[in-house]
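Here's the structure, in structure tokens; my notes come after.
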Amino acid sequence: MKVRSIFGAALGIALMAAAGTQVQAAGLVKYTVVEHPSIPESLTKGDPVRGRAAVINRQKGNCLACHSIPEIPEEQFHGEVGPVLDDVGSRMSAGEIRMRIVDPKVINPETAMPSFYKLEGLHRVAKKWQGKTILSAQEVEDVVAYMLTLKGSYSN
Amino acid sequence: MKRTLMGVAAAGLMAFGLSATAAEMKAIDKASTTSAVRSGFSYAISETREMQTDDIQNPSFLWVDIGEEQWGTVDGEAGKSCESCHGNAADTMANVGSTYPVWDPATKKPMNVELRINKCRAENMKAKPWKYESDELLGMTAYIKSVGRGKPIHVSLKDGDMEAWSKKGEQFYYQRRGLLDLSCAHCHEQNPGNLIRAETLSQGQTNGFPTYRLKWQKLGSLHRRFRGCNNNIRAEPYAYGSDEYLALETYLAQRGANLPVEGPSVRK
């Protein structure tokens, strides 16, 4: 899965390679997208408890803005813009979930879902958010780890 | 209008206004739920709707009263009030809310009600323009819209470059922006009726402005709403009265054509 480091120096460009597309932007952990699309290799080690907190936090994932997550009954308002996230952990691989969070436009260019770990191709980002991703690499992995625990059948 | 006369007229209007308003609002509701184009009113919960339909409860009327008061108040070096030139607003201003923005050949831009008010102040009254979001400008805008309540919105694109400005507004509407990378369409075209956390998304129509938002605890202009929606997706907002927002306002009037003027409305 590793892409030869020859390409490593290029900043902010996605490079096609036989094994996948390597994405590297200044200041971000580089990662590789393979056909599916998916990002099978983790950016760092994730923690599901911290991930759950980031999913709820309006300044971080704020995933509840758009998704209903039955495993979080204590939060009152869940959004209806995206699908219910009840069993993604049994339907999707870690790589697919990671792709979905890092840059879902690779999966669906029209999607309403924000790219949580991306800096390029954005228009008129507010000054105080320029050069920042919505989630850090650590937070992405925390959310992935939490998503993997969602396997359906919640009573609330 | 003299003080006492005004009081009598206002009391009369109020007594009449209450039932007229309820009927008007029924019409708004009908118009806004039977067609594809729906007012934000039709997405609001009943408490909010009731607050809007009762002129006594409707907090926007604090500003309408300010506007009505200013209508007859002389200001500026020309020694004139709005009334000096325009007489009774209920007659002369009835079609303003439903037909603006209009083309302004002097600035070569669309002119919304706020800009029109300030143009009159500057040119005809020789008075200082009011600031966006000041009680005076909100009040006068609300007063002028209130006398045209219930009229279907119909903004003409025939004059000047209105067509081109509306096109620019349309591009703005569909352009993704901000760190969250969303366009207006993602929320207001693809998801009206759906919850986004605790808020029910509407079509983002403009017929209710200026709006008293419970969250603001104040009346607010359409451009304040645009700035709010831009801020929420972490996009850099544009200035009040900017070309970008004038273009957007012109385009949105087309999207909301035939919706009744509701201003001043109440929203969550």
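Mind putting a number on the dipole of segment B:61-146 about its Cα centre? Charges go on the C-beta only, +1 for Lys and Arg and -1 for Asp and Glu, and I need it in Debye to the nearest 20. Could the numbers behind the result be given before it?
Working: 10 positive and 13 negative charges, 96 e Å.
That gives a dipole near 460 debye.
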- Reach of B:Lys167 by Cα under 23 Å, taken over lysines that are not fewer than 8 positions away in the same chain: B:Lys108, B:Lys109, B:Lys158
- Note on the structure: Taking every C-alpha to C-alpha distance in chain B and binning by 5 Å from 0, the per-bin percentages run 1, 6, 12, 18, 19, 18, 13, 8, 4, 1, 0, 0
- Task: Give the shape of segment B:64-140 as rounded, prolate or oblate, defined through the alpha-carbon gyration tensor: a ≥ b ≥ c are the square roots of its eigenvalues, a/c under 1.5 means rounded, and otherwise the shape is prolate if a/b is larger than b/c and oblate if not.
- Result: rounded
- Query: If contacts are Cα pairs under 8 angstrom and at least 6 residues apart, what is the relative contact order of segment B:53-170 in percent?
  - Reply: 36 percent
- For the pair A:His36 and B:Asn231, the simple spin-label estimate (label points 7 Å beyond Cα toward Cβ) gives in nm 4.0 nm
- Note on the structure: Amide H proximity to B:Leu179 below 5 Å, modelled H, separation 5+ or other chain, gives A:Ala126, B:Ala235
- Message: Can you return the lysines within cross-link range of B:Lys218? Criterion is Cα-Cα under 24 Å, with same-chain partners fewer than 8 residues away left out.
- Response: B:Lys128, B:Lys131, B:Lys145, B:Lys268
- Task: Let me know the charge dipole size of segment B:146-195 about its Cα centre in debye, to the nearest 20, where only the beta-carbon of Lys, Arg (+1) and Asp, Glu (-1) is charged.
- Result: 160 debye
- Query: For the protein assembly as shown, what is the convex hull volume of the alpha-carbon atoms per residue, in Å³?
  - Reply: 160 Å³
- Message: Need one number: buried accessible surface between chains B and A, 1.4 Å probe, both sides summed, DNA, RNA and ligands left out, in Å² to 100.
- Response: 2400 Å²
- Query: Amide H to amide H under 5 Å from B:Lys218: which residues, 5+ apart in sequence or cross-chain, H placed 1.01 Å off N in plane?
  - Reply: B:Arg213
- Per-residue average of other protein chain Cβ atoms inside 10 Å, peptide A:122-132 -> 6
- Note on the structure: Given backbone amide H placed at 1.01 Å from N, residues whose amide H is under 5 Å from that of B:Lys151, ignoring those fewer than 5 places away on the same chain, are B:Val261
- Task: Please give the per residue volume of the convex hull enclosing the alpha carbon atoms of chain A, rounded to a whole number of Å³.
- Result: 117 Å³
- Query: What list of ³J(HN,Hα) couplings, whole Hz, do you get for segment A:44-50 from phi and the Karplus terms 6.51, -1.76, 1.60, once you set θ to phi - 60° and write x for glycine and proline?
  - Reply: 6, 7, x, 10, x, 5, 5
- Rounded to the nearest 0.05, what FRET efficiency is calculated for B:Lys119 and B:Gln171 with R0 set to 22 Å and r the Cβ-Cβ distance? 0.25
- Note on the structure: Given a Förster distance of 25 Å, the FRET efficiency implied by the Cβ-Cβ spacing of B:Asn95 and A:Lys128, rounded to the nearest 0.05, works out to 0.05
- Message: Run the reach check for A:Lys30 against lysines, Cα to Cα strictly under 16 Å, same-chain hits fewer than 8 apart removed. What comes back?
- Response: A:Lys2, A:Lys45, A:Lys118, A:Lys132
- Item | Spin-label model distance (nm) - A:Ile107 vs B:Asp135, 7 Å beyond Cα toward Cβ | 5.2 nm
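With charges set only on the Cβ (+1 for Lys and Arg, -1 for Asp and Glu), what does the dipole of the protein assembly as shown come to about its Cα centre, in debye to the nearest 20?
Numbers: 52 positive and 47 negative charges, 167 e Å.
That gives a dipole near 800 debye.
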- Quote the accessible area belonging to A:Lys118 in square angstrom, nearest 10, computed with a 1.4 Å probe and with ligands, DNA and RNA left uncounted. 50 Å²
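The values are calculated or read from the model by the stated rules, or taken from the named source; none is laboratory data. For clarity, every value in this text was computed on a predicted model and none was experimentally measured. Methodologically, a virtual Cβ is constructed for each residue, glycine included, from the backbone with ideal geometry; neighbour enumeration extends over all protein chains shown. Areas reflect the complete protein model, heavy atoms only, side chains present, ligands, DNA and RNA absent. Shrake-Rupley method; radii C 1.70, N 1.55, O 1.52, S 1.80 Å.
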